[in-house]
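Chemist: Structure in structure tokens, see below.
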Number of protein chains: 2
Amino acid sequence: MAVYTEVSDEALTAFLADYDLGGLVAFRGIAEGVENSNYSLRTGAGDFILTLYEKRVDPNDLPWFLGLMEHLARRGIVCPLPVHARDGAALRTLCGRRAAITTFLPGVWPRRVRPEHCAPLGDALAALHLAGTGYGPTRRNALGPDDWPALLAHSRPRADDVQTGLAAELDAALAHILAHWPGGLPTGHIHADLFPDNVFFLNSKLSGLIDFYFAATDILAFDIAICINAWCFEADMSLNVTKARALLHAYGARRPLSAAERAALPVLCQGAAIRFLLTRLFDWLHKPAGALVTPKDPREFLRRLRFHLAAPDEHAYGL
Amino acid sequence: MAVYTEVSDEALTAFLADYDLGGLVAFRGIAEGVENSNYSLRTGAGDFILTLYEKRVDPNDLPWFLGLMEHLARRGIVCPLPVHARDGAALRTLCGRRAAITTFLPGVWPRRVRPEHCAPLGDALAALHLAGTGYGPTRRNALGPDDWPALLAHSRPRADDVQTGLAAELDAALAHILAHWPGGLPTGHIHADLFPDNVFFLNSKLSGLIDFYFAATDILAFDIAICINAWCFEADMSLNVTKARALLHAYGARRPLSAAERAALPVLCQGAAIRFLLTRLFDWLHKPAGALVTPKDPREFLRRLRFHLAAPDEHAYGL
């Protein structure tokens with residue numbers, strides 16, 4: 001839940017004057033998303049989301065993210081569409097932050113994942129990957145395997161404060177993952193953070209995907225591995241293979257997985273687990289005083305990581 | 001900013017089935033309000049607010065609050081109107097919490113108070129007090145003068161951790177305030193928490209009042225004193241007498257203040273300052289681990305309190 005930057009009504013009115021959106025009707029902070037400040041905004045033209053990009057987003061990446069969202073929306077993916085101001089620019093400045101208005105998507109994100117969410121998710125993920133083709137610019141994944149050693153190095157000295165033996169366990173796991181990281185798999189633009197709070201459903205149908213601010217150009221199947229971690233584990237950290245199978249089959253029905261992609265699934269899942277474990281561990285150990293957001297427990301992903309390290313092959317995921 | 005209780009889509013759908021509001025369209029946590037969980041809810045019937053009452057609200061008080069809102073709305077005060085389910089009840093249960101749906105109010109709360117906000121505020125406050133007449137049930141103010149000594153006693157042992165000498169300063173101030181607390185002033189139903197984030201404006205007009213969950217039956221002019229503390233001080237904690245005068249004159253134009261009410265203004269302002277100082281001090285010293293809400297600094301109200309203690313009479317407020 002997050003509103004880091006308070007926008008005065010004067011600043012907002014001045015900001016809106018650059019758009020053809022009519023007058024301001026309502027403006028409320030949204031208690032979701034942990035990286036940026038999000039407001040629900042109603043004007044004479046309808047409902048929108050106003051996002052102020054906070055310090056963890058590199059402003060140089062913003063044109064790429066907004067361009068990707070436009071590209072995907074034009075290809076039929078239901079995602080927030082950046083709204084252009086009268087001068088044509090979608091990316092602007094408000095209260096000293098880069099800011100953009102995007103369209104409002106109806107729907108509700110599932111607080112509790114059920115098996116029937118997972119096939120629509122897999123289908124939408126494959127559609128996203130196919131629709132990304134043709135968006136020329138690329139973005140290096142700043143949280144990919146090359147970045148994990150440095151991320152671990154920042155947390156290793158205090159990792160055992162979180163759990164005894166964690167530093168050594170992560171050293172060994174990371175060495176294993178990097179040694180087995182697959183080369184040559186199909187790449188493209190991935191969402192890279194498609195957790196349940198970024199996927200809306202309406203009347204049991206998937207109604208939209210949001211929050212593309214971790215998107216990057218990387219191994220497509222790595223996005224599947226992220227979703228398996230994010231959607232298919234129960235509260236006791238056991239894998240729900242019904243959910244994983246539904247996700248994988250629906251994905252494969254739209255974009256068939258190669259034998260190499262299937263075989264890489266365990267190590268990709270290990271990588272996805274360690275990626276979220278490492279950022280959560282960093283946030284846990286580097287929580288600023290007076291933080292607005294309570295850091296999430298990194299240990300949930302340690303338990304997922306152990307599962308994936310023990311998985312003999314892709315059949316562990318219901319393939 | 002607050003969402004303390006996550007509502008699953010299944011629980012929400014079952015909850016909505018008891019209302020004639022059509023199907024669920026959207027549901028987002030609102031990053032405002034610190035006592036309850038608030039969601040913006042869109043259904044086939046339009047926009048609403050869903051509130052789950054958290055532990056600081058006494059469930060026994062809820063019928064009184066909702067009844068007051070209905071009474072006020074019927075008398076022309078723009079405030080959230082509780083929505084009744086098919087069985088006639090507005091107060092229901094969701095995820096183990098008492099919960100209610102109320103109407104959505106357009107408008108934006110002023111992040112930065114300007115003098116032109118204060119006359120509409122004073123006028124709306126007087127209208128609220130007049131409209132409250134005729135709502136028969138009463139509610140004792142649980143944060144009134146009788147409650148301040150116990151509140152201070154809970155924080156006194158560690159008060160000097162916040163500021164050296166604070167315990168002694170508060171002892172003296174509270175003794176002074178209680179010795180001079182006025183009797184015989186007109187009473188009625190007061191909002192008791194009319195800070196800027198509870199007042200919406202639209203096109204420079206006041207468009208609604210929200211959050212009646214501290215409302216009580218108490219001295220009407222105490223509500224004015226709360227508003228002076230909440231709206232009329234600058235960031236350097238100096239009183240902006242232009243704002244206070246605008247508030248008081250607009251209030252008096254709708255509900256004239258008696259000589260006794262005017263004369264009591266300094267001590268009522270002292271009382272309002274110490275009331276918020278004491279609850280903030282308590283929250284500051286009793287912050288739970290992993291709290292979702294960062295406590296507000298109590299010292300802002302110490303500086304207001306000192307101003308009011310030094311005010312010779314009501315003329316200090318522009319009267």
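Chemist: Quick one: is A:Thr217 touching a His at 6+ places or on another chain (Cβ under 8 Å) and either surrounded by fewer than 21 Cβ atoms within 10 Å (Cβ to Cβ) or in contact (Cβ under 8 Å) with a residue 40 or more places away in the chain (or both)?
Modeler: Details: touching a His at 6+ places or on another chain (Cβ under 8 Å): yes; either surrounded by fewer than 21 Cβ atoms within 10 Å (Cβ to Cβ) or in contact (Cβ under 8 Å) with a residue 40 or more places away in the chain (or both): yes.
For A:Thr217, the condition - touching a His at 6+ places or on another chain (Cβ under 8 Å) and either surrounded by fewer than 21 Cβ atoms within 10 Å (Cβ to Cβ) or in contact (Cβ under 8 Å) with a residue 40 or more places away in the chain (or both) - is met.
Chemist: Taking the criterion of being modelled with pLDDT under 90, over 25 Å from A:Asn198 (Cβ atoms) and not assigned by TED's automatic domain parsing to the domain that holds B:Arg280, would at least one residue in segment B:1-20 satisfy it?
Modeler: No - not one qualifying residue is present in segment B:1-20.
Chemist: For segment B:108-135, what are the residues that are of a type in the set (Gly, Ala, Ser) and at pLDDT 95 or above? Step through it out loud before you land on a result.
Modeler: Filtering segment B:108-135 down to residues of a type in the set (Gly, Ala, Ser) leaves B:119, B:122, B:124, B:126-127, B:131-132, B:134.
Correct list: B:Ala119, B:Gly122, B:Ala124, B:Ala126, B:Ala127, B:Ala131, B:Gly132.
Chemist: Of A:Ala99, A:Ala124, which residue is more than 13 Å from chain B (Cβ to nearest Cβ), over 30 Å from A:Ala11 (Cα atoms), surrounded by 19 or more Cβ atoms within 10 Å (Cβ to Cβ) and out of contact with any helix residue (DSSP H, G or I) (no Cβ under 7 Å at 6 or more places or on another chain)?
Modeler: Working: A:Ala99 fails: over 30 Å from A:Ala11 (Cα atoms).
So the residue among A:Ala99, A:Ala124 that is more than 13 Å from chain B (Cβ to nearest Cβ), over 30 Å from A:Ala11 (Cα atoms), surrounded by 19 or more Cβ atoms within 10 Å (Cβ to Cβ) and out of contact with any helix residue (DSSP H, G or I) (no Cβ under 7 Å at 6 or more places or on another chain) is A:Ala124.
Chemist: Please give the number of the condition A:Pro59 fails out of (1) touching a strand residue (DSSP E or B) at 6+ places or on another chain (Cβ under 9 Å); (2) surrounded by fewer than 21 Cβ atoms within 10 Å (Cβ to Cβ); (3) within 19 Å of A:Asp20 (Cα to Cα).
Modeler: With (1) touching a strand residue (DSSP E or B) at 6+ places or on another chain (Cβ under 9 Å); (2) surrounded by fewer than 21 Cβ atoms within 10 Å (Cβ to Cβ); (3) within 19 Å of A:Asp20 (Cα to Cα) applied to A:Pro59, the lone miss is (3).
Chemist: List the number of the failed condition for B:Trp284; all other conditions in (1) outside any loop (DSSP other than H, G, I, E, B); (2) at pLDDT 95 or above; (3) among the hydrophobic types (A, V, I, L, M, F, W, C) hold.
Modeler: If we test B:Trp284 against (1) outside any loop (DSSP other than H, G, I, E, B); (2) at pLDDT 95 or above; (3) among the hydrophobic types (A, V, I, L, M, F, W, C), just (2) comes out false.
Chemist: Can I ask one more? Which of the residues that make up segment A:189-212 are surrounded by 19 or more Cβ atoms within 10 Å (Cβ to Cβ), touching a helix residue (DSSP H, G or I) at 6+ places or on another chain (Cβ under 8 Å) and either among the charged types (D, E, K, R) or within 21 Å of A:Leu62 (Cβ to Cβ) (or both)?
Modeler: A:His189, A:Ile190, A:His191, A:Ala192, A:Asp193, A:Leu194, A:Leu209, A:Ile210, A:Asp211, A:Phe212, listed by residue number.
Chemist: Let me confirm something: among A:Phe214, A:Phe222, which residue is closer than 18 Å to A:Asp146 by Cα and assigned to a helix (DSSP H, G or I)?
Modeler: Numbers: A:Phe214 fails: assigned to a helix (DSSP H, G or I).
The unique qualifying residue is A:Phe222.
Chemist: Hey, among the residues in segment B:223-234 that are without any contact (Cβ under 8 Å) to a residue 60 or more places away in the chain and hydrophobic (A, V, I, L, M, F, W, C), which one's farthest from B:Ala263 (Cα to Cα)?
Modeler: Just the residues of segment B:223-234 that are without any contact (Cβ under 8 Å) to a residue 60 or more places away in the chain, to begin with: B:225-226, B:230, B:234.
Next cut, hydrophobic (A, V, I, L, M, F, W, C) only: B:225-226, B:230.
Numbers: B:Ala225: 12, B:Ile226: 16, B:Ala230: 20 Å.
Top of the filtered list is B:Ala230.
Chemist: Right, something else. May I ask you to say which residue of A:Arg275, A:Arg254 is of a type outside the set (Ser, Thr, Tyr), in contact with an Asp or Glu (Cβ under 6 Å, 6 or more places away or on another chain) and in the same structural domain as A:Val199 (by TED's automatic domain parsing)? If you could, list the steps in order and put the result at the bottom.
Modeler: Values: A:Arg275 fails: in contact with an Asp or Glu (Cβ under 6 Å, 6 or more places away or on another chain).
Going through A:Arg275, A:Arg254 in turn, just one is of a type outside the set (Ser, Thr, Tyr), in contact with an Asp or Glu (Cβ under 6 Å, 6 or more places away or on another chain) and in the same structural domain as A:Val199 (by TED's automatic domain parsing): A:Arg254.
Chemist: Report whether or not A:Thr164 is polar (S, T, N, Q), surrounded by fewer than 21 Cβ atoms within 10 Å (Cβ to Cβ) and touching a strand residue (DSSP E or B) at 6+ places or on another chain (Cβ under 7 Å). Before the answer, list the steps.
Modeler: Details: polar (S, T, N, Q): yes; surrounded by fewer than 21 Cβ atoms within 10 Å (Cβ to Cβ): yes; touching a strand residue (DSSP E or B) at 6+ places or on another chain (Cβ under 7 Å): no.
No; evaluated as a whole, the condition is false for this residue.
Chemist: Return the residues of segment A:86-104 that are at negative phi, assigned to a loop (DSSP other than H, G, I, E, B) and over 20 Å from the mean Cα position of the chain (by Cα); say none if nothing qualifies. Give the derivation first.
Modeler: Here is the first cut: in segment A:86-104, the residues at negative phi are A:86-87, A:89-94, A:97-104.
Subset that is assigned to a loop (DSSP other than H, G, I, E, B): A:86-87, A:89-91, A:104.
Listed by number, the residues that qualify are A:Arg86, A:Asp87, A:Ala89, A:Ala90, A:Leu91.
Chemist: Kindly indicate whether B:Gly183 is in contact with a Gly (Cβ under 9 Å, 6 or more places away or on another chain), of a type outside the set (Asp, Glu) and at negative phi. I'd like the intermediate steps shown before the answer.
Modeler: Working: in contact with a Gly (Cβ under 9 Å, 6 or more places away or on another chain): no; of a type outside the set (Asp, Glu): yes; at negative phi: yes.
Against the criterion (in contact with a Gly (Cβ under 9 Å, 6 or more places away or on another chain), of a type outside the set (Asp, Glu) and at negative phi), B:Gly183 does not qualify.
Chemist: Related question: Test of understanding: among B:Arg114, B:Arg97, B:Arg139, which residue is farther than 17 Å from B:His71 by Cα and in contact with a Ser or Thr (Cβ under 7 Å, 6 or more places away or on another chain)? Please lay out each step first, then the result.
Modeler: Numbers: B:Arg114 fails: in contact with a Ser or Thr (Cβ under 7 Å, 6 or more places away or on another chain); B:Arg139 fails: farther than 17 Å from B:His71 by Cα.
That would be B:Arg97, the only listed residue that is farther than 17 Å from B:His71 by Cα and in contact with a Ser or Thr (Cβ under 7 Å, 6 or more places away or on another chain).
Chemist: Okay, moving on. Residues in segment A:236-256 that are in contact with a Phe, Trp or Tyr (Cβ under 9 Å, 6 or more places away or on another chain) and assigned to a loop (DSSP other than H, G, I, E, B): how many? Reasoning before the result, please.
Modeler: Looking only at segment A:236-256, we keep the residues that are in contact with a Phe, Trp or Tyr (Cβ under 9 Å, 6 or more places away or on another chain), and these are A:237-241, A:243-245, A:247-248.
Now restrict to residues that are assigned to a loop (DSSP other than H, G, I, E, B): A:237-238, A:240.
Matching residues across segment A:236-256 total 3.
The values are calculated or read from the model by the stated rules, or taken from the named source; none is laboratory data. The model shown is predicted, which means the values in this text are computed figures rather than measured ones. Because the Cβ atoms are built from the backbone with ideal geometry, glycine has one as well, and the counts that use them run over all protein chains shown.
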